[in-house]
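Read the structure below first, then the notes.
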Amino acid sequence: MKSYSLFCVAALCSGAIAADGPKAPTAEAFGKTTDGTAVEVFTLTNTNGIKLRAMTYGAIVLSIETPDRDGKLADIVLGFNTVDEYIKDTPYFGAVVGRYGNRIADGKFSLGGKTYSLATNNENGGIKTALHGGLKGFDKVVWKGEGLLNKDGSQGVKFTYLSKDGEEGYPGNLSLSVTYSLSNKNEWKIQYAATTDKATPVNVTQHSYFNLKGEGNGDILSHELMLAASKYTPVTAALIPTGKLTPVAGTPFDFTKPTAIGGRVKADDEQLKFGGGYDHNWVLDNQGGELALAAKVYEPTTGRTLEVLTTEPGIQFYCGNFLDGTLTGKSGKKYEFRNGFCLETQHYPDSPNQANFPSTILKPGKALKSTTVFRFGSKK
Ligand code: BGC
């Protein structure tokens, strides 16, 4: 009897230590895909009450709760409550997109003397292009998920996926991991790593739609945006870059100083007409490959702020021009025109066909490494 109670005390004691200290997040069941594959969700929290949930389907971020200037939490990303809704219809809410994020002209590129054909799953101005990895891109596959406890005590989740040679028309077996961490400095860090056994274009990015007022709380036009970019890549009617790097100065594309997203979005400008608003790649001033500030956003009514840092040379700023109220989000509210914006850190669209753009070709024996940080905050 005596030894039994001693055992109990020890067990309770070690349990208490574990319960108090940080732990790696565990996988929880979150529905199934249409072929019956189980989908899991991981919940990352930090010491300031920020909570980020991500699932193995599409490595999709389901929700991010952050405090406003008064400490009131709201979920600042668009999305749904069930896997089924994501499978049915989503404009890439919260997903990792790839193998090639954004568009490739005519769904074709040449590499090593061979021409590769991809599905043309997108159309603008009557011209078809390949968008975000194809008919079944990385946003529509089930990744393997593993909860992590980082050295600094923060929580993370590592998603891995093997994209097979020929998948969606791309060459080479691409072994990819995307790690999300949520630090106690309120930073959501995303680390991409990939290797291949044949040369292939790779351009992966995170496609969360933010609304710093809280998802479902109207449009994002009063958010003030700064982009650390003095040039952008104008597009054709198909939303394919013309190949030019054009200065933003004196145009509605100049966000070098914080400016309301809605301030000039209706300006009489051919580029804005092509995109139906902002849907362009900005050429970041930092082209050195080290982590640097790319964007800052401030929402005046709640005081929430968002900073984006990246090692990537570009950022696609998309202001939700294709949202039209047909989708109802997780709190039962319709996502209307421009109710969310994306800041997709990336290499430039159509790089495999544009010799003057930084290369997106990953070769065997080389490792792709890319980091992006979304830093959450608020100000009075
Ligand atoms: C593209 C938009 C597209 C959206 C997804 C963005 O990355 O630039 O043109 O409509 O993704 O629906």
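The values are calculated or read from the model by the stated rules, or taken from the named source; none is laboratory data. Predicted model, so just to flag it, every value in this text is computed and none were measured. FYI the Cβ positions are ideal-geometry reconstructions off the backbone, even for glycines, and counts take in every protein chain you see. For accessibility, only protein heavy atoms count, side chains too; no ligands or nucleic acids. Shrake-Rupley method; radii C 1.70, N 1.55, O 1.52, S 1.80 Å.
For the stretch 182-210: of the residues being open to solvent by 10 Å² or more (accessible area, probe 1.4 Å) and within 17 Å of Ile50 (Cβ to Cβ), which is nearest to the ligand (Cβ to nearest atom)?
It comes out as Lys189.
Is it true that Glu65 is part of a strand (DSSP E or B), more than 20 Å from Val141 (Cβ to Cβ) and open to solvent by 10 Å² or more (accessible area, probe 1.4 Å)?
Values: part of a strand (DSSP E or B): yes; more than 20 Å from Val141 (Cβ to Cβ): yes; open to solvent by 10 Å² or more (accessible area, probe 1.4 Å): yes.
Answer is yes for this residue.
Going by the conditions given, is Leu174 of a type outside the set (S, T, N, Q) and more than 16 Å from the ligand (Cβ to nearest atom)? Walk me through it before giving the result.
Working: of a type outside the set (S, T, N, Q): yes; more than 16 Å from the ligand (Cβ to nearest atom): yes.
So Leu174 passes the test.
Can you tell me which residue in the stretch 271-298 is surrounded by the most Cβ atoms within 10 Å (Cβ to Cβ), limited to those that are touching a residue at least 60 places away in the same chain (Cβ under 8 Å) and closer than 14 Å to Thr236 by Cβ?
Asn281
Going through the stretch 140-160 one residue at a time, which ones are under 21 Å from Thr205 (Cβ atoms) and without any contact (Cβ under 8 Å) to a residue 40 or more places away in the chain?
Lys158, Thr160
What number goes with the only condition from (1) surrounded by fewer than 21 Cβ atoms within 10 Å (Cβ to Cβ); (2) touching a Cys at 6+ places or on another chain (Cβ under 6 Å); (3) small (Gly, Ala, Ser) that Ala237 does not pass?
Evaluating Ala237 over (1) surrounded by fewer than 21 Cβ atoms within 10 Å (Cβ to Cβ); (2) touching a Cys at 6+ places or on another chain (Cβ under 6 Å); (3) small (Gly, Ala, Ser) leaves (2) as the failure.
How do the pairs read when you match residues in the stretch 126-139 that are at positive phi with residues anywhere that are more than 11 Å from the ligand (Cβ to nearest atom) and β-branched (Val, Ile, Thr), using Cβ under 9 Å and keeping only pairs 6 or more apart or on different chains?
From the stretch 126-139, the pairs are Gly133/Val204.
Quick one: which of Thr115, Thr129, Thr82 is within 16 Å of the ligand (Cβ to nearest atom), β-branched (Val, Ile, Thr) and either open to solvent by 30 Å² or more (accessible area, probe 1.4 Å) or within 16 Å of Ile240 (Cβ to Cβ) (or both)? I'd like the intermediate steps shown before the answer.
Details: Thr115 fails: within 16 Å of the ligand (Cβ to nearest atom); Thr82 fails: within 16 Å of the ligand (Cβ to nearest atom).
Every option except Thr129 fails the conditions.
Only one residue in Ile76, Ile104 is under 29 Å from Tyr180 (Cα atoms), at pLDDT 95 or above and more than 14 Å from the ligand (Cβ to nearest atom). Which one? Talk me through it step by step, then tell me what you get.
On the way: Ile104 fails: more than 14 Å from the ligand (Cβ to nearest atom).
Residue meeting the stated conditions: Ile76.
Which of the residues belonging to the stretch 299-320 are under 23 Å from Thr246 (Cα atoms), assigned to a strand (DSSP E or B) and open to solvent by 10 Å² or more (accessible area, probe 1.4 Å)?
If the condition is that a residue be under 23 Å from Thr246 (Cα atoms), assigned to a strand (DSSP E or B) and open to solvent by 10 Å² or more (accessible area, probe 1.4 Å), then Leu309, Tyr318 are the ones that fit.
So for the stretch 327-348 (the condition being open to solvent by 10 Å² or more (accessible area, probe 1.4 Å), of a type in the set (Val, Ile, Thr) and either touching a residue at least 60 places away in the same chain (Cβ under 8 Å) or not in a loop (DSSP other than H, G, I, E, B) (or both)), does at least one residue qualify?
yes
So, in the stretch 211-236, of the ones that are outside any loop (DSSP other than H, G, I, E, B) and hydrophobic (A, V, I, L, M, F, W, C), which residue ends up farthest from the ligand (Cβ to nearest atom)? Give the steps one after another, and end with the answer.
Of the stretch 211-236, the ones outside any loop (DSSP other than H, G, I, E, B) are 224-227, 231-233, 235.
Still in the list and also hydrophobic (A, V, I, L, M, F, W, C): 225-227, 235.
On the way: Leu225: 16, Met226: 20, Leu227: 15, Val235: 9 Å.
Filtering first and then ranking leaves Met226.
Could you tell me whether the stretch 238-245 includes any residue that is in a loop (DSSP other than H, G, I, E, B), modelled with pLDDT of 95 or more, of a type in the set (D, E, K, R) and more than 24 Å from the chain's Cα centre (by Cα)? Give the derivation first.
Narrowing the stretch 238-245 to residues in a loop (DSSP other than H, G, I, E, B): 238-240, 242-245.
If we keep only those that are modelled with pLDDT of 95 or more too, we end up with 238-240, 242-245.
Subset that is of a type in the set (D, E, K, R): 244.
If we keep only those that are more than 24 Å from the chain's Cα centre (by Cα) as well, we get 244.
So far as the stretch 238-245 goes, yes, one or more of its residues are in a loop (DSSP other than H, G, I, E, B), modelled with pLDDT of 95 or more, of a type in the set (D, E, K, R) and more than 24 Å from the chain's Cα centre (by Cα).
If you check Ala267 against the conditions, is it within 16 Å of the ligand (Cβ to nearest atom) and over 20 Å from the mean Cα position of the chain (by Cα)? Reasoning before the result, please.
Working: within 16 Å of the ligand (Cβ to nearest atom): no; over 20 Å from the mean Cα position of the chain (by Cα): yes.
No.
Which of (1) within 15 Å of the ligand (Cβ to nearest atom); (2) open to solvent by 30 Å² or more (accessible area, probe 1.4 Å) is the odd one out, the single condition Glu167 does not satisfy?
(1)
Answer yes or no as to whether Gly153 is away from the ligand (no atom under 16 Å from the Cβ) and either open to solvent by 20 Å² or more (accessible area, probe 1.4 Å) or part of a loop (DSSP other than H, G, I, E, B) (or both).
Numbers: away from the ligand (no atom under 16 Å from the Cβ): yes; either open to solvent by 20 Å² or more (accessible area, probe 1.4 Å) or part of a loop (DSSP other than H, G, I, E, B) (or both): yes.
Spelling it out, Gly153 is indeed away from the ligand (no atom under 16 Å from the Cβ) and either open to solvent by 20 Å² or more (accessible area, probe 1.4 Å) or part of a loop (DSSP other than H, G, I, E, B) (or both).
Return the pair list, or none, for Cβ contacts closer than 6 Å from residues in the stretch 244-269 that are touching a residue at least 12 places away in the same chain (Cβ under 8 Å) to residues that are assigned to a loop (DSSP other than H, G, I, E, B) and surrounded by fewer than 14 Cβ atoms within 10 Å (Cβ to Cβ), at least 6 apart or on different chains.
Pro252/Ala267
Tally time: how many residues in the stretch 90-110 are surrounded by fewer than 21 Cβ atoms within 10 Å (Cβ to Cβ) and in a strand (DSSP E or B)?
Residues that pass the stated criteria total 2.
Just checking, which of Gly340, Gly314, Gly277, Gly320 is at positive phi, under 15 Å from the mean Cα position of the chain (by Cα) and within 13 Å of the ligand (Cβ to nearest atom)? Steps first, please.
Values: Gly340 fails: at positive phi; Gly314 fails: at positive phi; Gly277 fails: under 15 Å from the mean Cα position of the chain (by Cα).
That would be Gly320, the only listed residue that is at positive phi, under 15 Å from the mean Cα position of the chain (by Cα) and within 13 Å of the ligand (Cβ to nearest atom).
Taking into account only those residues within the stretch 251-270 that are open to solvent by 30 Å² or more (accessible area, probe 1.4 Å) and of a type in the set (A, V, I, L, M), which is nearest to His207 (Cα to Cα)?
Looking at residues that are open to solvent by 30 Å² or more (accessible area, probe 1.4 Å) and of a type in the set (A, V, I, L, M), I get Ala260.
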